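*Asks:* Pasting a structure here, questions to come.
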Amino acid sequence: MTNLASVFSMLAQAAPASDEPFSPVVPPGDGFWQPVSASNFAGQIDWLYEVILWVTSLTVVGVVAAMALFVVKYRVSSRKETGPAVSQVDHNTPLEITWSVLPLAFFIPIFVWGFQGFTDMHTPPKDVLEIKATAQKWNWQFTYPGGNSDSKLHVPVGRDVRILIESRDVLHSLSIPAFRVKQDAVPGRYTQLWFRATKLGKFPVFCTEYCGTSHSDMLSEATVETPDEFQEYLNKIGFDPNKPPEQRGAELYVQKGCTTCHSLDGSPKVGPTWKGLFGSTRSFADGSSATADENYLRESILEPNAKVVQGFAPAMPTFQGSLKDQQLSDLIAYIKSVK
Ligand SMILES: [Cu+2]
């Protein structure tokens, strides 16, 4: 069945470039209108949504039907025959009371249910798993207890999760339709949301506040897994001394969101490709040039605006403070290996 979730899915899959290592997999929705329901809030929100949809739709049908009926019933074949139209009704108190009180009988419960839902969604329970979400043009970083971070969200099923949201630059908005949650990321202050995932699987994560050129690529994925799998995942994204540095660097390329702006296949994105970068001669916007050695790469990551590659905007955020020394050298090792 065609539903909104599959439209979402087509949109989401069209967006990432070919070397994007993941694209959100959207499971089919479980109703005609709604994306898949995967959190404690889904049932409540969808129910209220359906109530409002049905009440307003039936009202529209009723009003339009009455209008059509009256247009036909009270039509005049020619104005001349009847003279100017004169209203025969002054006012009708019972009718006016009815059309004021009847809608109130719908609006008040809708308000009460809506307000209850709003309060629930803004009051995280006490014992929650806290994950920090940092928005930065154009990717999400999720930092887990213990300090490791990733551009994807993983949560254990059945556990209350609170997401503390911040932005490094402009307004963004964290939206996970399957969980029915959405919250702005506002520079200079924290915002939050919470949910309890109820269904195993992978669900798309969007930025839903227009934030510049690659806003539509600001995609991520929420994986709901068993507590054991979640623990395994936390170990996996941590530093692993047994892996070669290039491999750790390749993982950081994805985890730190360099993918949004740098390709590996020679095509320019927002930033230059990494293919054949190491050892090549770089020309800069100010007319100077330099060889891309380790120091150049280091500087490019920590102080992106020190030398701006010709033909590109100074659009790269600094990673000073968000990369550990080890991660920086792993990334450099990886860039060197992209030939
Ligand atoms: Cu954004």
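*Asks:* Among (1) of a type outside the set (S, T, Y); (2) within 16 Å of the ligand (Cβ to nearest atom); (3) within 23 Å of T119 (Cα to Cα), where does E221 come up short?
*Replies:* Only one criterion is unmet by E221, namely (3).
*Asks:* If you don't mind, another one. If W194 meets every condition in (1) buried (at least 22 other Cβ atoms within 10 Å of the Cβ); (2) under 30 Å from R248 (Cα atoms) apart from one, which number is that one?
*Replies:* So the condition that W194 fails would be (2).
For every residue, the table says whether it meets (1) closer than 30 Å to A222 by Cα; (2) at pLDDT 90 or above.
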residue: S6; (1), (2): yes, no
residue: Q13; (1), (2): yes, no
residue: L48; (1), (2): yes, yes
residue: V55; (1), (2): no, yes
residue: F70; (1), (2): no, yes
residue: V76; (1), (2): no, no
residue: K80; (1), (2): no, no
residue: G117; (1), (2): yes, yes
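*Asks:* While we're here: Any idea which residue in segment 151-160 is nearest to the ligand (Cβ to nearest atom), counting only those that are out of contact with any Pro (no Cβ under 9 Å at 6 or more places or on another chain) and either assigned to a loop (DSSP other than H, G, I, E, B) or β-branched (V, I, T) (or both)? Before the answer, list the steps.
*Replies:* First, pick out the residues of segment 151-160 that are out of contact with any Pro (no Cβ under 9 Å at 6 or more places or on another chain): 151-155.
Imposing the further condition that a residue be either assigned to a loop (DSSP other than H, G, I, E, B) or β-branched (V, I, T) (or both) reduces the set to 151-152, 155.
Numbers: S151: 13, K152: 16, V155: 21 Å.
Looking at residues that are out of contact with any Pro (no Cβ under 9 Å at 6 or more places or on another chain) and either assigned to a loop (DSSP other than H, G, I, E, B) or β-branched (V, I, T) (or both), I get S151.
*Asks:* From the residues in segment 165-186 that are touching a residue at least 40 places away in the same chain (Cβ under 8 Å) and in a strand (DSSP E or B), which one is nearest to the ligand (Cβ to nearest atom)? Explain how you work it out, then say what you get.
*Replies:* From segment 165-186, those touching a residue at least 40 places away in the same chain (Cβ under 8 Å) are 168-172, 174, 176-181, 185; that's our starting set.
Then keep just the ones that are in a strand (DSSP E or B); that gives 172, 174, 176, 181, 185.
Working: H172: 3, L174: 9, I176: 14, V181: 16, A185: 8 Å.
Within segment 165-186, the match that is nearest to the ligand (Cβ to nearest atom) is H172.
*Asks:* Related question: Could you count how many residues in segment 187-215 are within 12 Å of the ligand (Cβ to nearest atom) and over 21 Å from F230 (Cβ atoms)? Steps first, please.
*Replies:* Looking only at segment 187-215, we keep the residues that are within 12 Å of the ligand (Cβ to nearest atom), and these are 187, 205-215.
This time we only want the ones that are over 21 Å from F230 (Cβ atoms), so: 187, 206-215.
Selection size over segment 187-215: 11.
*Asks:* Looking at P241, P268, P245 in this structure, which one is over 25 Å from E166 (Cβ atoms) and at pLDDT below 90?
*Replies:* Details: P268 fails: at pLDDT below 90; P245 fails: at pLDDT below 90.
None of the other options fit; the residue is P241.
*Asks:* Condition test on T281, is it over 24 Å from N242 (Cα atoms) and out of contact with any Pro (no Cβ under 7 Å at 6 or more places or on another chain)? I'd like the intermediate steps shown before the answer.
*Replies:* Details: over 24 Å from N242 (Cα atoms): yes; out of contact with any Pro (no Cβ under 7 Å at 6 or more places or on another chain): yes.
Spelling it out, T281 is indeed over 24 Å from N242 (Cα atoms) and out of contact with any Pro (no Cβ under 7 Å at 6 or more places or on another chain).
*Asks:* What residue, of S263, S220, is hydroxyl-bearing (S, T, Y), buried (at least 19 other Cβ atoms within 10 Å of the Cβ) and over 30 Å from S37 (Cβ atoms)? Give the derivation first.
*Replies:* Values: S220 fails: over 30 Å from S37 (Cβ atoms).
Of S263, S220, the one residue that is hydroxyl-bearing (S, T, Y), buried (at least 19 other Cβ atoms within 10 Å of the Cβ) and over 30 Å from S37 (Cβ atoms) is S263.
*Asks:* Okay, moving on. Since M121 meets every condition but one in (1) free of Cβ contacts under 8 Å to residues at least 60 places away in the same chain; (2) surrounded by 10 or more Cβ atoms within 10 Å (Cβ to Cβ), which condition does it not meet?
*Replies:* (1)
*Asks:* Right, next: Please indicate, with yes or no, whether at least one residue in segment 33-51 is exposed (fewer than 10 other Cβ atoms within 10 Å of the Cβ), more than 16 Å from the ligand (Cβ to nearest atom) and part of a helix (DSSP H, G or I).
*Replies:* From segment 33-51, those exposed (fewer than 10 other Cβ atoms within 10 Å of the Cβ) are none; that's our starting set.
Taking every residue of segment 33-51 in turn, none turns out to be exposed (fewer than 10 other Cβ atoms within 10 Å of the Cβ), more than 16 Å from the ligand (Cβ to nearest atom) and part of a helix (DSSP H, G or I).
*Asks:* Something else: I'd like to verify a number: residues in segment 134-150 that are surrounded by fewer than 22 Cβ atoms within 10 Å (Cβ to Cβ) and not in a strand (DSSP E or B), how many?
*Replies:* Result for segment 134-150: 5.
*Asks:* Return the pair list, or none, for Cβ contacts closer than 9 Å from residues in segment 203-228 that are within 17 Å of F142 (Cβ to Cβ) to residues that are within 9 Å of the ligand (Cβ to nearest atom) and assigned to a helix (DSSP H, G or I), at least 6 apart or on different chains.
*Replies:* Listed pairs, sorted by first residue: C207/H215.
*Asks:* Here's something else I'd like to know. From the list T143, T134, exactly one residue is touching a strand residue (DSSP E or B) at 6+ places or on another chain (Cβ under 8 Å) and within 16 Å of the ligand (Cβ to nearest atom). Which is it?
*Replies:* On the way: T143 fails: within 16 Å of the ligand (Cβ to nearest atom).
So the residue among T143, T134 that is touching a strand residue (DSSP E or B) at 6+ places or on another chain (Cβ under 8 Å) and within 16 Å of the ligand (Cβ to nearest atom) is T134.
*Asks:* Checking the structure you have, find out if any residue of segment 271-285 is within 26 Å of H172 (Cα to Cα), away from the ligand (no atom under 16 Å from the Cβ), in a loop (DSSP other than H, G, I, E, B) and not polar (S, T, N, Q).
*Replies:* Yes.
The values are calculated or read from the model by the stated rules, or taken from the named source; none is laboratory data. In this text the structure is predicted, and so the values were computed from the model without any measurement. Note: ideal-geometry Cβ built from the backbone for every residue, glycine included; neighbour counts use all protein chains shown.
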